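Structure first, then comments.
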Amino acid sequence: MNSAKMLRVAGWLFIIASLTTKLQGAAQQEFNPSEGETLHVLVGKSVVVNVQAPMTRVLSSSPAVVATLVISPTQIVVEGKAVGASSLILWDGSGHSQILDVTVDLDVSGLRAAIQRAYPNEQLDVQADGGHLILTGSVADPHLVDDLAKMAAPYSNQVVNSVTVPVSHDRQVLLEVKFAEVDRTKLQQMGINLFSTGAANTVGTISTQQFGPPSLSDLKGTIGAPTTGTATDLKFTDLLNVFVFRPDLNLGLTIRDLEQKSILQILAEPNLMAMNGQKASFLAGGEFPFPVVQGGANVGAVTVQFRPFGVRLEFIGYIGKDNVIRLHVAPEVSTLDFTNALTIQGFTIPALSTRRAESEIELKDGQSFGIAGLLDHRAAVQMTKVPGLGDIPILGQLFRSRSINRSNDELLVLVTPHIIDPVRSALPVPPSPKVVVPYLDDKKFDRKAPEQPKNAETPPQTPSAK
């Protein structure tokens, strides 16, 4: 009975030993060295080296990189511990030595499988050279180059990214923009200037000094009877729009009573085209000189720079895979404002009245969006009066003057993006611009010219000198 159990246990031990030997043979690789050949081992893997003559000693120059284990006089196991290079020296019984160069590389099988799963349609390859990872191949999207470098970063901090992007024609973004600005201005002015050249034996003027009052420059003689009068000279810089004078009364007045309305409309329709992800800009206006005071060694020196103004547009468009356009749009409308200008060292520097908006949105091809509500309402009132006299009911209006200036500005911006591919699609030729003034028609013009007789002799040609 005991012999039968022993036979069964011996059989199981033989089967387990056979399986263990097969598994070890599958996990390890055998290598028969030759002089001058380099042995490559992956980190965490081992290789069995077979030699012909029995070994007496084994030496590894870098034990931290390569670990060795002698399992028989003619077999040694080489295991890669870390990335690097080492020399393996083997001595036999006769004292002869053999040197093997061992290079421990990274195991990139996991990275290669991850790249294949993530980008199955791309031609990519991963190789390890010591501690370096070399990425080769080509991709269609430039953004994949950075993604591959991020995937390889956990495996090594020395990644050589040699992935190329073939030159291809990308789609473009066409932006149709419409600027509409309406500026409404209403000006109301009312004022009265009274002057006397001798009425009631009095010479003088009554004015609020707001609208060009008359000035007394010369007074001759003495004030006498109404029939004799006196000689006076009054100068007017502005007769305003109503001038009344009674010579028999020696009394006159100038009246400013105006109401002015103006409408200014600015309309621009720029069409801008740019590559996917590239910036485009547009400016319809000009540049004005702007003095700048220097500092440092040239302190006090004034240099002139030019600042742009007018209708301005900047945008960047990105085309997504689902044909959705992401836009970064910055429209701006600015005008020169001389009412708020400054004068520095003889230079008149105008201010800028600016309306600006900046937004980032997503639209499909052909959709539009508008930027409205850019309103500017202003009201300026200037009123002067003669103290005391201007407060009298009804008659006090003669001793008052006022100026009211109201303005209402409104700006509207409409943007419509389109996806175009002018390289791959045949677009129709745009029509030529229409001529405002027609060109001269030679046939109609020559009809009125005098005809030349048919029998007229043609003048002889003068021979040219050669």
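Looking across the stretch 338-352, the residues that are in a strand (DSSP E or B) and open to solvent by 40 Å² or more (accessible area, probe 1.4 Å) come down to PHE338, THR339, ASN340, LEU342, THR343, ILE344, PHE347, THR348, LEU352. Inspect the stretch 314-337 for any residue being within 30 Å of PRO289 (Cα to Cα), open to solvent by 40 Å² or more (accessible area, probe 1.4 Å) and over 19 Å from the mean Cα position of the chain (by Cα) and give the result as yes or no. So far as the stretch 314-337 goes, yes, one or more of its residues are within 30 Å of PRO289 (Cα to Cα), open to solvent by 40 Å² or more (accessible area, probe 1.4 Å) and over 19 Å from the mean Cα position of the chain (by Cα). Of a type outside the set (Ser, Thr, Tyr) and either at pLDDT 85 or above or touching a strand residue (DSSP E or B) at 6+ places or on another chain (Cβ under 7 Å) (or both), is that true of GLN24? Answer is no for this residue.
Each residue in the stretch 120-168 was checked for being open to solvent by 50 Å² or more (accessible area, probe 1.4 Å) and touching a Lys or Arg at 6+ places or on another chain (Cβ under 7 Å), and 0 of them qualify.
Out of everything in the stretch 166-192 that is within 30 Å of ALA372 (Cβ to Cβ) and of a type in the set (S, T, N, Q), what residue ends up being modelled with the lowest pLDDT? Top of the filtered list is GLN188. Of all the numbered requirements in (1) exposed (fewer than 14 other Cβ atoms within 10 Å of the Cβ); (2) more than 28 Å from HIS132 (Cα to Cα); (3) modelled with pLDDT of 80 or more, GLN98 misses one, and that requirement is (1). Being polar (S, T, N, Q) and surrounded by fewer than 11 Cβ atoms within 10 Å (Cβ to Cβ) holds for only one residue in GLN260, GLN294, and it is GLN260. Looking across the stretch 410-440 at every residue that is at pLDDT below 75 and either small (Gly, Ala, Ser) or under 30 Å from SER353 (Cα atoms) (or both), the one that is surrounded by the most Cβ atoms within 10 Å (Cβ to Cβ) is identified as SER425. Of the listed requirements (1) assigned to a loop (DSSP other than H, G, I, E, B); (2) on the phi < 0 side of the Ramachandran plot, ARG355 misses just one: (1).
With a requirement of 3 or more residues that are in contact (Cβ under 8 Å) with a residue 24 or more places away in the chain, the strands (runs of 3 or more DSSP E) lying completely within the stretch 47-166 that satisfy it span 55-60, 75-80, 84-92, 97-105, 123-129, 132-138, 159-164.
Residues in the stretch 307-366 that are more than 28 Å from THR416 (Cα to Cα) and basic (Lys, Arg): ARG307 alone. The residue list VAL78, VAL163, VAL159 contains one member that is modelled with pLDDT of 85 or more, in contact with a Ser or Thr (Cβ under 9 Å, 6 or more places away or on another chain) and under 30 Å from GLY277 (Cβ atoms), which is VAL163. Among the residues of the stretch 371-388, those identified as free of Cβ contacts under 8 Å to residues at least 60 places away in the same chain and either assigned to a loop (DSSP other than H, G, I, E, B) or surrounded by 12 or more Cβ atoms within 10 Å (Cβ to Cβ) (or both) are ILE371, ALA372, LEU374, ASP376, MET383, PRO387, GLY388. Just wondering, is there one or more residues in the stretch 66-73 that are more than 16 Å from VAL41 (Cα to Cα) and in contact with a Pro (Cβ under 9 Å, 6 or more places away or on another chain)? Among the residues of the stretch 66-73, at least one is more than 16 Å from VAL41 (Cα to Cα) and in contact with a Pro (Cβ under 9 Å, 6 or more places away or on another chain), which makes the answer yes.
Could you tell me which residue of the stretch 193-225 is modelled with the lowest pLDDT, considering only residues that are among the polar types (S, T, N, Q) and in contact with a Phe, Trp or Tyr (Cβ under 9 Å, 6 or more places away or on another chain)?
Initial filter on the stretch 193-225 (among the polar types (S, T, N, Q)): 193, 196-197, 201-202, 205, 207-210, 215, 217, 222.
Narrowing the set further to residues that are in contact with a Phe, Trp or Tyr (Cβ under 9 Å, 6 or more places away or on another chain) leaves 193, 197, 205, 207-208, 215.
Values: ASN193: 75, THR197: 72, THR205: 75, SER207: 73, THR208: 70, SER215: 64.
Checking each candidate, the answer is SER215.
Considering (1) open to solvent by less than 30 Å² (accessible area, probe 1.4 Å); (2) not in a strand (DSSP E or B), the lone condition that GLY366 does not fulfil carries the number (1). Just so you know, in the stretch 39-78 the residues that are touching a Gly at 6+ places or on another chain (Cβ under 8 Å) and not aliphatic (A, V, I, L, M) include one that is nearest to TYR155 (Cα to Cα), and it is GLY44.
For GLU269, indicate whether it is within 23 Å of the chain's Cα centre (by Cα), open to solvent by 100 Å² or more (accessible area, probe 1.4 Å) and either in contact (Cβ under 8 Å) with a residue 60 or more places away in the chain or under 30 Å from ILE420 (Cβ atoms) (or both). Criteria met by GLU269.
The values are calculated or read from the model by the stated rules, or taken from the named source; none is laboratory data. None of the values given here were measured: they were computed from a predicted structure. Don't worry about glycine lacking a Cβ; one is built from the backbone with ideal geometry, like all the others, and counts go over all protein chains shown. All accessible areas refer to the heavy atoms of the entire protein, side chains included, with ligands and DNA or RNA removed. Shrake-Rupley method; radii C 1.70, N 1.55, O 1.52, S 1.80 Å.
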